[in-house]
Amino acid sequence: MKRILVLGSTGSVGKQTLDVLSGLQETHQVVGLSAHTSVDALASQARDVSAEAVCLTGAEATNELRRDIQRLPPGCRLLEGADGLVELVESTQPDVVVCSITGAAGLRSSLAAASSGAVVALANKESLVLAGHLIKEACARSGSVLIPVDSEHSAIAQCLEGQDRNGLRRIILTASGGPFRGWDSAALASVTVEQALKHPSWEMGPRITVDSATLMNKGLEVIEACHLFDVSQDKVDVVVHPQSIVHSMVEYVDGALLAQLSPPDMRLPIRYALGYPARLSSPEGPADLNRLNGLTFESPDRETFRCLSLAERAAREGGLAGTILNAANEIAVEAFLAGRLPFQEIPDVVQDALDTFPSQLDPGLQSILETDAAVRTHSTSILQPSR
Ligand code: MG
């Protein structure tokens, strides 16, 4: 039996992970779960899988569940806060940790997973954007293997598997282009939250859906790819592919392009990570090739969707630039979702932070966490109505 820990189990990837695992009960046992504030969902998941331990990171949510502890299965421990997440990783002896917390909040638990020796199924791309070098060092020390649970990076990992890395020419990340593909700046000026939350091909949480609309998600994925596959930014290209069937490609020096194709469904990269190195069989039947026609590719519009260029700049700068970019973006997206910032000003907030804070090579965890907090304070302050 493989012991599986799912961090961020009530989010979009977390729920889909449990869905995949519900079909793997003969071989995979869920031992622990975590959520931020979704008490009801977490308690119900914990009963479904007979979890040994759960963690809530929201203080009020923890108190609510502690007052009503019989909602958890018998013997299930309740841990609390960011320290509780680390304890959950260290105490449940997992074989696979699925890191599917959203945002920089997932960093410390991803580091704990990378230090545990377990397979790290990483859906939290921010862990790599902020601290890719630390995550990889931790894996090298502990023997943990990092398997991306991001459809593009899973595709790339599959295309690189068993190949001569010296022959790699470039990585080509595909992007759906989001709901505003083809729009110009003038049209984007009046974008509403509702429009931004309607993604054409993927069902995801609100933060990443807005990031897909600004192309920041693709930018974060460029940084993620640089860390995961040890390449510099100039070896990572982005191509817009609205059908989201080709999940990414790898080009070799002889001109061969390898791609991984499948309908847009996160359960494939999740299943790949849970089974690695084995391939687990999917309940879906064979792909319908008739549905795979009409695949198109085009260049991204970097002038209109400036977040992509800003992220590529951060990828080139390295060091703290990813932390600065991500923190400012998280604040800007939160403000947009709350109706306090126009869609087209999200890149302004990010650029201001990149211009204000110096990057620093090889930062330690303390410096990353301090910079993350400082950028959040700064970006929040420039969003005050008095500005
Ligand atoms: Mg992705």
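The values are calculated or read from the model by the stated rules, or taken from the named source; none is laboratory data. Quantities reported herein were computed from a predicted structural model and do not represent experimental measurements. Cβ placement follows ideal geometry from the backbone for every residue including glycine, while neighbour counts extend to all protein chains displayed. Heavy atoms of the whole protein, side chains included, go into the accessibility calculation; ligands, DNA and RNA do not. Shrake-Rupley method; radii C 1.70, N 1.55, O 1.52, S 1.80 Å.
Any residue at all in region 244-255 that's at pLDDT 95 or above and open to solvent by 60 Å² or more (accessible area, probe 1.4 Å)? Yes, some residue in region 244-255 is at pLDDT 95 or above and open to solvent by 60 Å² or more (accessible area, probe 1.4 Å).
Looking at the structure I just gave you, is Arg77 surrounded by 16 or more Cβ atoms within 10 Å (Cβ to Cβ) and touching a helix residue (DSSP H, G or I) at 6+ places or on another chain (Cβ under 6 Å)? Against the criterion (surrounded by 16 or more Cβ atoms within 10 Å (Cβ to Cβ) and touching a helix residue (DSSP H, G or I) at 6+ places or on another chain (Cβ under 6 Å)), Arg77 does not qualify. Of the residues in region 142-154, not one is assigned to a helix (DSSP H, G or I), under 19 Å from Leu361 (Cβ atoms), open to solvent by less than 20 Å² (accessible area, probe 1.4 Å) and within 13 Å of the ligand (Cβ to nearest atom). Considering only residues in region 116-141 that are of a type in the set (A, V, I, L, M) and open to solvent by 10 Å² or more (accessible area, probe 1.4 Å), the one that is farthest from the ligand (Cβ to nearest atom) turns out to be Ala140. The single condition among (1) farther than 19 Å from Ala104 by Cα; (2) open to solvent by 60 Å² or more (accessible area, probe 1.4 Å) that Asp352 does not meet is (2). Has region 164-175 got at least one residue that is touching a Gly at 6+ places or on another chain (Cβ under 9 Å) and at pLDDT 95 or above? Checked region 164-175: at least one residue is touching a Gly at 6+ places or on another chain (Cβ under 9 Å) and at pLDDT 95 or above.
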